[in-house]
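The values are calculated or read from the model by the stated rules, or taken from the named source; none is laboratory data. Bear in mind that the values here come from a model prediction, so they are computed numbers and not experimental data. Please note: Cβ atoms are built from the backbone with ideal geometry, for glycine as well, and neighbour counts cover all protein chains shown.
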Amino acid sequence: MSPPPNINLFPIALINNTHGLKGYVKLTFNKNLDFSLITNLKIVYINNLSYTVELLTKTPKGALLKIYGINSVESAVLLKGKTLCLGLETIPETEMLSERLLGFKVYDSQDQFLGTVEDIIYTGANDVLAVRASNPDKDELLIPLIDEYLLKTDCAKQLIVVKKPEYA
């Protein structure tokens, strides 16, 4: 079963191990997301398949997840190494997520159009915008999503103003 076409999925955690014998899995989050925003999750996605959440609880190093129908360590081990995704609609609009920047137009501080955000690269340290260059002769531009480079974001106009990286 795949997600409905109107659902945008984004990765939020890695299922890094099982926990106990009753089908629990351990999660390591790859997003700086306020855990209180996801405590009432009902549906998660793994490999584009939807699963109903039975229990999600925070731990010092991540979280424990129990999915309905996964009731044994043998079933849970099949999920190990998979990426846990959420539907973008489950996160409030006020929470700034890099995934919401896909398709935004990117300008430098001198108002020069650099291109369009085509992809988000997850490095672990910080997300990186992959910007398809406005000039077809140029390679894609990679811009770290950190305060030093991100000068302004206008969600209403779908545009971003950045400090152009020195290597660009």
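Points to keep in mind about this one:
- For segment 73-84, the count of residues that are at pLDDT 90 or above and of a type in the set (S, T, N, Q) is at least one.
- The set of residues from segment 109-137 being modelled with pLDDT of 75 or more and either of a type in the set (Gly, Ala, Ser) or out of contact with any strand residue (DSSP E or B) (no Cβ under 6 Å at 6 or more places or on another chain) (or both) comprises SER109, GLN110, ASP111, GLN112, GLY115, ALA130, ALA133.
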